[in-house]
1. Looking only at strands (runs of 3 or more DSSP E) that lie completely in segment 59-118, which have at least 2 residues being within 14 Å of L46 (Cβ to Cβ) and of a type outside the set (A, V, I, L, M)?
2. So which of S120, S71 ends up being touching a residue at least 60 places away in the same chain (Cβ under 8 Å), surrounded by fewer than 18 Cβ atoms within 10 Å (Cβ to Cβ) and farther than 30 Å from I156 by Cα?
3. Filter segment 173-216 down to the residues that are surrounded by fewer than 19 Cβ atoms within 10 Å (Cβ to Cβ) and within 17 Å of L127 (Cβ to Cβ) and list them by number.
4. Only residues that are among the acidic types (D, E) and assigned to a helix (DSSP H, G or I): list them for segment 157-207, please.
5. Please indicate, with yes or no, whether at least one residue in segment 141-153 is within 22 Å of the chain's Cα centre (by Cα) and modelled with pLDDT of 95 or more.
Amino acid sequence: MHLSLKFMTRALLSIGIFVFSQQLFAQDSIPRHWVSLNLGSQVTSLNFTASSGDMLDYSKELNFTNGIGYSFMRGKVILDLNVDYYSFSSTYQDDNINTSLELGYFQPAVNLSYMFKVGSFPLRPRLGVGYGHSFLIYGNQILNGALTDVKKAEAINSTDGGINLNAGVILFNKSNICVSSMYNYRIGLSNIENETNNQETTTTIHGLLLKIQLAF
């Protein structure tokens, strides 16, 4: 009888500990699969070197980006797969040249982030790195009043790869909705000019991104 009572006590205690731990895990667990709406703004720097070796200081202008994404979260690791549209415009003017350039891109991108947990606080910092491969949708240049479709003329390469470095915060709530706010720095890896132009243009982008995410 004593052994049976001792066994039952241990069994009930074990069950209680298991249920309690499962409740704790459930309270702190994060759904693994998320879809997102991505909204952002960015400033692009054109680093242009003419065939003569002269570097032109193009203006930096504010443009917008939007897209959709999928995120897989496990533990403190986040894998993001995004498809975004972004554009940028820039101008340059001196005594001899008055030019403006506008390009639009479609960009699939992958990003890997680490999420830091600060106690039970629902706002968590995140740091990430990724790669995006952009495909040129359209491109227009106005040079001293003359309009050129640089995509059709193949003056600009049709693709551009870039490394994305980002940092931000992610806010969770109890209704399977979370919001991420991030700063993103994109380093273009290639010359976007057609090599026959004998000139070089690379890009760097500073942007702010808001991801509104829903678990499923």
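The values are calculated or read from the model by the stated rules, or taken from the named source; none is laboratory data. Here the structure is a predicted model, which is why all the values come from computation and not from measurement. Note: ideal-geometry Cβ built from the backbone for every residue, glycine included; neighbour counts use all protein chains shown.
1. 77-93, 98-115
2. Only one candidate qualifies: S120.
3. Of everything in segment 173-216, those that are surrounded by fewer than 19 Cβ atoms within 10 Å (Cβ to Cβ) and within 17 Å of L127 (Cβ to Cβ) turn out to be S181, Y183, Y185, I187, H206, L208.
4. E195
5. Going through segment 141-153, the residues within 22 Å of the chain's Cα centre (by Cα) turn out to be none.
Checked against the condition, which is being within 22 Å of the chain's Cα centre (by Cα) and modelled with pLDDT of 95 or more, segment 141-153 yields no hits at all.
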